[in-house]
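Let me begin by presenting the structure, written as structure tokens, before commenting on it.
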Amino acid sequence: MWWAADYFYAGRRQLAVLAPPWTIGRPRPVPDAWRRGETSLPEVVLVPGVYEHWTFLRPLGDALAAAGHRVTVVHGLGMNRRSIRGTAERLARLLASRPAPDAGRIVVAHSKGGLIGKSVLVASAAGDTPAALLGVVAVATPFGGSRRAALFADPSIRAFLPRDETIVALGQASGVNGRVVSVFGPYDPHILEGSALDGATNVEVATAGHFRVLGSASTHAAVIDGVRHLAAAPRQSPGP
């Protein structure tokens, strides 16, 4: 069954966070190949979903690096259980602390990471942060929330309820949707509402699931195309 393969993929990727005992407490270094990209291409910042370490996105990062992009991550998020807004503020501060590449930056994210990325875009458009993001490519992101979140008591999951204040506010902030590429499969058991976002570039790939879609070659191709699409779009200055 595809759903079993979905959770098997998630379990296997979660094991990737394990590190030798002598490295515990230190940030996991990104692969050397991720640092050697072309300066003419945008830098990619990977942002994982809830209960995911950045290593969860390693296959996607490898594909982007192979396509010539410099790939970086946000250290210090742990398993990404903080609030969407709080994590977005942390991401914005990190990006603002680094000189922006001439070719710009694009967030590539999974699930909750897509909401975090859109939050930074909204703040940047309002002039609240100099994050210098060209856009966000989001994979399997619950832009309209997920009613399945009601099945959980964990506040980190219930934050995805469609009526949640942050989900509602992000839904209303449609002015940045044109700078979002949403990639998703034909069925996601975690997001019954789907991941299509009005005004965004929506791309459906063949692989079903919430996790396994990350490892699909068609998803990798769609994400790389999405990054190219955002990089080719006219640059937008922050709004008032």
Test residue 169 against the stated conditions and say whether it is over 19 Å from residue 209 (Cβ atoms), at pLDDT 95 or above and within 19 Å of the chain's Cα centre (by Cα). yes
Hits in region 125-159 - residues which are touching a Phe, Trp or Tyr at 6+ places or on another chain (Cβ under 9 Å), hydrophobic (A, V, I, L, M, F, W, C) and touching a residue at least 40 places away in the same chain (Cβ under 8 Å): 138, 139, 140, 157
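Can you pull out every residue in region 94-116 that is free of Cβ contacts under 8 Å to residues at least 60 places away in the same chain and either under 19 Å from residue 53 (Cα atoms) or in contact with a Pro (Cβ under 6 Å, 6 or more places away or on another chain) (or both)? Break it down stepwise before answering.
If we filter region 94-116 for residues that are free of Cβ contacts under 8 Å to residues at least 60 places away in the same chain, which is where we start, we get 94-100, 115.
Across region 94-116, the qualifying residues are 94, 95, 96, 115.
Consider residue 43 carefully, then state whether it is crowded, with 19+ Cβ neighbours inside 10 Å, acidic (Asp, Glu) and more than 22 Å from residue 156 (Cβ to Cβ). First the steps, then the outcome.
On the way: crowded, with 19+ Cβ neighbours inside 10 Å: yes; acidic (Asp, Glu): yes; more than 22 Å from residue 156 (Cβ to Cβ): yes.
Yes.
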Hey, among the residues in region 63-81 that are crowded, with 19+ Cβ neighbours inside 10 Å and without any contact (Cβ under 8 Å) to a residue 60 or more places away in the chain, which one's farthest from residue 40 (Cα to Cα)? 80
Against the conditions (1) crowded, with 17+ Cβ neighbours inside 10 Å; (2) in contact with a Gly (Cβ under 8 Å, 6 or more places away or on another chain), where does residue 157 fall short? Just the number, please. (2)
Please find, among 151, 230, 192, the residue that is aliphatic (A, V, I, L, M), at pLDDT below 95 and more than 20 Å from residue 84 (Cα to Cα). 192
Name the residues in region 197-220 that are in contact with a helix residue (DSSP H, G or I) (Cβ under 8 Å, 6 or more places away or on another chain), assigned to a loop (DSSP other than H, G, I, E, B) and either small (Gly, Ala, Ser) or in contact (Cβ under 8 Å) with a residue 60 or more places away in the chain (or both), would you? 199, 200, 206, 208, 209, 210, 211
Being of a type outside the set (Lys, Arg), modelled with pLDDT of 95 or more and buried (at least 19 other Cβ atoms within 10 Å of the Cβ) narrows it down to one residue among 115, 95, 91, 133; which is it? 115
Residue list for region 87-129, restricted to those being among the small types (Gly, Ala, Ser) and within 17 Å of residue 72 (Cα to Cα): 88, 92, 96, 97, 100, 103, 104, 109, 113, 114, 117
Conditions (1) modelled with pLDDT of 95 or more; (2) over 24 Å from residue 126 (Cβ atoms); number of the one not met by residue 182: (2)
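The values are calculated or read from the model by the stated rules, or taken from the named source; none is laboratory data. Worth saying up front: this structure is predicted, and the values here are computed from it rather than measured. Cβ coordinates were reconstructed from backbone atoms using ideal geometry, including for glycine residues, and neighbour counts include every protein chain displayed.
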